[in-house]
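The values are calculated or read from the model by the stated rules, or taken from the named source; none is laboratory data. Source: prediction; values computed, not measured. Here Cβ is always computed from backbone atoms with ideal geometry, including for glycine, and neighbour counts include all displayed protein chains. What goes into the accessible areas is simple: the full protein's heavy atoms, side chains included, and nothing from ligands, DNA or RNA. Shrake-Rupley method; radii C 1.70, N 1.55, O 1.52, S 1.80 Å.
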Amino acid sequence: MRRIHVAYSVFILFTLVVGGASLCAGSEQERLIERGGKKMTCWVRFIDTMSGDCGTDSYDAVFTARVLAVRQSTGRRAANALGATPGKDLRLTVEPEEVFKGHPSRKVAIFAEQGECIGEVQVGDEWLFFTRRSPEKGALEISYCSSNPSGPVEQKREYVERLRRLARGDGLSFIAGEVDFPFNDFSRLNHRLLITSKDNKQSYSVATDAQGRFEIGPVAAGVYRIDTNTDSQFRDVWNSSEESATTQANGCSLVRIELEVNSEISGRVILPEGYEYEKSEIGNFFPLFAVEVDTPDGKQVRGTTIGEPLRFAVRGLAPGNYIVQLVNYQGEAWLKMSVFAPGVTDKAAALRIELSWAEHRTGLEIRVPLEALKRAH
């Protein structure tokens, strides 16, 4: 399953046409977390797959341990975009107790990237650790940035029981997951998912908890379809009503799903008379032009390329007022043309599109001016 979170398709178009950094600006996203009255800015990385492991296969050592020492280290994050203190990295010294994988020594040093974000940890606490060995440090580490499931044993009882069940080797498996909701609301209680085996012989309905997590099992190993679009207000970011998970015997498949508001501004581009559509040599889109959705104060919210047959759609928008415009990437000065909705004659009214929650505004038309095409060629 895919998990790359693209900031804007228009950003990709720009880098393809005029060059630029290859790192997608939206590959990481900030979360605002409050613990003990302290607000922290934490980062989660959107990895290139939605599938993962909630058992032990993806980790070098998995065990419960008593915390012997906690020391803060200098964090690598200095940004403070949400107006909160960045979560600090931690260095832990722990004494392993129940071991599910690996051969940890009697005392283990663990580096925790954004450790404060994972959970409050104090000397004497008992934690469940899912650790990987860092090729740079040569030591075991956990990272909030990669959605590591480590945490206090008292909060991870279901994880411990699952690991004990998997260790029995009875051939069964589990499916667990996390659902991310938009606008920094990364968890929502009771969002329903429908999970069905590929042969349609097994069907389950499961709801997310207060952290946006869900789990079914033990189930027979196999391939399962996961339908997340069960609430008309939200949709899967990748426009797929069904994802899939493959579980192995004595294993656990972890599924990460990202939802967005089921909203849309869409329409078509109309070329001047006598001009025909020619797709780009590097992709199936209208070259050098894109559609940009801005707030009235000029801040870009979303953008998209224009695909064949000259259609565009920008989805996942929050309620509010927007200006939709055609952007010409040819030259230093970008030409922006206003969008006129069908039947609208007042220019001021056409510039501002008021979008309600989960609303679809379709049928917009953008007329490409002749001078823009001349500049593009």
### Query
For residues in the range 232-252 being assigned to a strand (DSSP E or B) and closer than 19 Å to R192 by Cβ, which is modelled with the lowest pLDDT?
E242
## Note on the structure
Among residues of the range 354-377 being among the small types (G, A, S) and at pLDDT below 80, the residue nearest to S263 (Cα to Cα) is A372
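Taking the range 150-175 on its own, how many of its residues are assigned to a strand (DSSP E or B) and farther than 20 Å from A249 by Cβ?
Counting residues in the range 150-175 that are assigned to a strand (DSSP E or B) and farther than 20 Å from A249 by Cβ gives 2.
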### Task
Return the only residue of F312, F286 being touching a Leu at 6+ places or on another chain (Cβ under 9 Å), without any contact (Cβ under 8 Å) to a residue 40 or more places away in the chain and aromatic (F, W, Y).
F286
### Query
How many residues does the range 221-230 hold that are closer than 24 Å to G169 by Cα and open to solvent by less than 40 Å² (accessible area, probe 1.4 Å)?
2
### Query
Which of (1) open to solvent by 20 Å² or more (accessible area, probe 1.4 Å); (2) touching a helix residue (DSSP H, G or I) at 6+ places or on another chain (Cβ under 6 Å) is the odd one out, the single condition G303 does not satisfy?
(1)
### Summary
In the range 193-210, residues that are open to solvent by 60 Å² or more (accessible area, probe 1.4 Å) and either among the β-branched types (V, I, T) or over 25 Å from the mean Cα position of the chain (by Cα) (or both) total 5
## Note on the structure
The residue that is nearest to S338 (Cα to Cα), considering only those in the range 270-287 that are touching a Ser or Thr at 6+ places or on another chain (Cβ under 8 Å) and open to solvent by less than 30 Å² (accessible area, probe 1.4 Å), is F286
### Any chance R268 is closer than 16 Å to V179 by Cβ, in a strand (DSSP E or B) and of a type outside the set (D, E)
no
### Query
Are any residues in the range 128-163 open to solvent by 20 Å² or more (accessible area, probe 1.4 Å) and of a type in the set (A, V, I, L, M), and if so, which ones?
A139
### Summary
Residue set N229, N190; condition under 20 Å from the mean Cα position of the chain (by Cα), in a loop (DSSP other than H, G, I, E, B), over 24 Å from L317 (Cβ atoms) and modelled with pLDDT of 90 or more; output residue N190
### Summary
In the range 173-182, anything at pLDDT 90 or above and not small (G, A, S) is listed as F174, I175
### Query
Does Q233 fit the bill of being in contact with a Ser or Thr (Cβ under 6 Å, 6 or more places away or on another chain) and open to solvent by 60 Å² or more (accessible area, probe 1.4 Å)?
no
### Query
Restricting attention to the range 113-127, which residues are surrounded by 14 or more Cβ atoms within 10 Å (Cβ to Cβ) and modelled with pLDDT of 95 or more?
D125, E126, W127
### Query
If only one of V344, V291 is closer than 23 Å to V237 by Cβ and either at pLDDT below 80 or surrounded by 16 or more Cβ atoms within 10 Å (Cβ to Cβ) (or both), which one is it?
V291
### Task
Could you identify the single residue in L259, L310 that is in contact with a Lys or Arg (Cβ under 9 Å, 6 or more places away or on another chain) and farther than 30 Å from P218 by Cα?
L310
